[in-house]
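Okay, structure first, notes after.
Every read-out reported here was derived from the displayed coordinates using simple, explicitly stated rules and does not represent laboratory data. It should be emphasised that the depicted structure is a prediction, and the values quoted were computed from it without experimental measurement. Please note: Cβ atoms are built from the backbone with ideal geometry, for glycine as well, and neighbour counts cover all protein chains shown.
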Amino acid sequence: MPRTILVTGGAGFIGSAAVRLLANAPDTHVVNLDCLTYAGNLDSLRSVEASSSYTFDRVDIRDFQAVVQAIARHEPDAILHLAAESHVDRSITNPGAFIETNITGTHNLLEATRQYWMGLAPTQQKRLRFLHVSTDEVYGTLGDSGAFNEDSPYRPNSPYSASKAASDHLARAWFHTYGLPVMISNCSNNYGPFQFPEKLIPHMVLNALQGRPLPVYGRGDNIRDWLFVEDHARALIHILERGEPGETYTIGGRTERRNLEVVETLCSLMDEAIPANRRKTSRHRELIELVADRPGHDYRYAINDDKIRSELGWKPQEDFDSGLRKTVHWYLENEWWWRRVLSGEYRLERAGLSPNTPITRA
């Protein structure tokens with residue numbers, strides 16, 4: 001029997017990766033529910049937009065009645081909840097938007113799903129799954145050792161991570177209080193094709209192409225565990241198909257890197273890929289600049305993903321070197337995509353600090 005999977009935020013970075021995979025899966029119809037904020041981009045779905053397995057429905061999850069009507073209209077067998085405000089810097093300058101989307105929007109989706117689920121026949125109720133997708137940032141920061149897992153305590157340090165922590169708690173409560181078949185995932189930093197240029201890796205690639213400074217926070221010592229976005233999308237599908245309601249799954253790439261190391265590696269790849277006579281600089285590393293650190297900047301994230309690997313049989317297909325190489329080459333070969341992004345609201349500006357913040361050279 002064909003299944004219908006509703007993906008919220010399906011025009012976003014991770015959402016579009018999941019939609020592209022699902023639209024090409026057998027016996028699957030995927031519905032993309034997105035209100036198209038600044039980071040929502042239907043160009044990221046150009047490869048599937050004409051497919052009979054794909055439907056786009058413009059809905060804002062902050063509008064409860066619109067969510068109720070959309071769920072009733074599409075009658076999903078599973079809901080993959082990715083719609084969120086996700087950029088830490090923007091949460092510093094406008095935390096209210098994160099409260100509205102990440103907390104109120106998640107409540108609306110959970111409650112609308114519960115009402116729909118209660119009206120289903122018992123066999124359909126048993127089949128339904130709701131996967132709430134979250135971040136490792138809800139756990140706060142780590143020292144030089146250790147890793148987050150499904151039992152790590154919550155210690156969010158930014159408005160973004162606090163809003164995601166609250167939405168995680170709501171999702172867990174709807175399972176324990178109402179029996180709604182909810183699962184939660186918490187992932188490490190994603191990267192890959194189609195990522196909005198405010199995030200570290202695409203921001204650096206596009207600045208470097210234009211010969212602009214490559215701003216790195218603080219001394220560049222902050223450490224992140226990097227996860228290729230298509231590997232993450234595959235993990236989410238594994239959880240939808242094989243996960244147990246009420247369970248949490250942490251998803252990582254086991255590829256910890258310091259931020260400065262990430263940018264230096266990226267620069268080397270661009271030196272290799274772009275002929276010397278087409279570059280804005282002899283070596284892209286010359287563009288690296290250390291800038292004032294972000295307020296509340298967590299030092300280190302790392303994920304222990306033993307559970308999803310052992311219980312659900314998932315593992316990433318890309319290591320950091322192969323994934324970053326694919327990512328850099330994708331941005332170099334798909335100027336049509338990022339040119340259209342840059343022609344809109346976004347101008348590669350740094351959010352989260354005053355425009356007068358001093359900059360120092362590395």
field: Leading residue by the ranking (farthest from residue 138 (Cα to Cα)) among those in the range 247-285 that are surrounded by 15 or more Cβ atoms within 10 Å (Cβ to Cβ) and among the acidic types (Asp, Glu)
entry: 271
statement: Wholly inside the range 1-91, strands (runs of 3 or more DSSP E) that include 2 or more residues that are among the hydrophobic types (A, V, I, L, M, F, W, C), in contact with a helix residue (DSSP H, G or I) (Cβ under 9 Å, 6 or more places away or on another chain) and without any contact (Cβ under 8 Å) to a residue 60 or more places away in the chain are 28-34
task: Give the residue, chosen from 244, 230, that is of a type in the set (Asp, Glu), within 21 Å of residue 185 (Cα to Cα) and either in contact with a Cys (Cβ under 7 Å, 6 or more places away or on another chain) or surrounded by fewer than 16 Cβ atoms within 10 Å (Cβ to Cβ) (or both).
output: 244
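Regarding the range 264-276, can at least one residue be identified that is hydroxyl-bearing (Ser, Thr, Tyr), in contact with a helix residue (DSSP H, G or I) (Cβ under 7 Å, 6 or more places away or on another chain) and touching a residue at least 12 places away in the same chain (Cβ under 8 Å)?
yes
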task: Name every residue in the range 304-321 that is touching a residue at least 24 places away in the same chain (Cβ under 8 Å), on the phi < 0 side of the Ramachandran plot and not charged (D, E, K, R), in order of residue number.
output: 304, 308, 312, 314, 316, 317, 320
- request: Collect the residues in the range 14-38 that are of a type in the set (A, V, I, L, M, F, W, C), buried (at least 24 other Cβ atoms within 10 Å of the Cβ) and under 16 Å from residue 102 (Cα atoms), keeping them in residue-number order.
  value: 14, 33
statement: All conditions in (1) assigned to a strand (DSSP E or B); (2) within 18 Å of residue 132 (Cα to Cα) are true of residue 108 except (1)
task: Quickly run through the range 115-155 and pick out the residues that are under 21 Å from residue 82 (Cβ atoms), part of a loop (DSSP other than H, G, I, E, B) and not aliphatic (A, V, I, L, M).
output: 150, 154
task: Residue by residue through the range 156-184, note down the ones that are surrounded by 24 or more Cβ atoms within 10 Å (Cβ to Cβ), not hydrophobic (A, V, I, L, M, F, W, C) and not in a helix (DSSP H, G or I).
output: none
task: Return a yes/no flag: does the range 73-80 have any residue that is under 23 Å from residue 189 (Cα atoms), surrounded by 21 or more Cβ atoms within 10 Å (Cβ to Cβ) and under 18 Å from the mean Cα position of the chain (by Cα).
output: yes
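In the range 196-210, which residue that is assigned to a loop (DSSP other than H, G, I, E, B) and under 14 Å from residue 327 (Cα atoms) is farthest from the chain's Cα centre (by Cα)?
Of everything passing the filter in the range 196-210, 197 is farthest from the chain's Cα centre (by Cα).
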task: Please enumerate the residues belonging to the range 159-210 that are touching a Leu at 6+ places or on another chain (Cβ under 6 Å), over 21 Å from residue 17 (Cα atoms) and polar (S, T, N, Q).
output: 207
message: Among (1) crowded, with 16+ Cβ neighbours inside 10 Å; (2) under 30 Å from residue 342 (Cβ atoms), there is one condition residue 42 misses while meeting the rest; what is its number?
response: (1)
- line: Only unsatisfied item for residue 206, checking (1) buried (at least 20 other Cβ atoms within 10 Å of the Cβ); (2) over 28 Å from residue 99 (Cβ atoms); (3) not small (Gly, Ala, Ser), is (1)
message: Considering only the range 255-272, I want to know if a residue exists there that is closer than 30 Å to residue 182 by Cα and of a type outside the set (Val, Ile, Thr).
response: yes
- prompt: Considering 89, 60, which residue is over 21 Å from residue 187 (Cα atoms), buried (at least 17 other Cβ atoms within 10 Å of the Cβ) and among the acidic types (Asp, Glu)?
  reply: 60
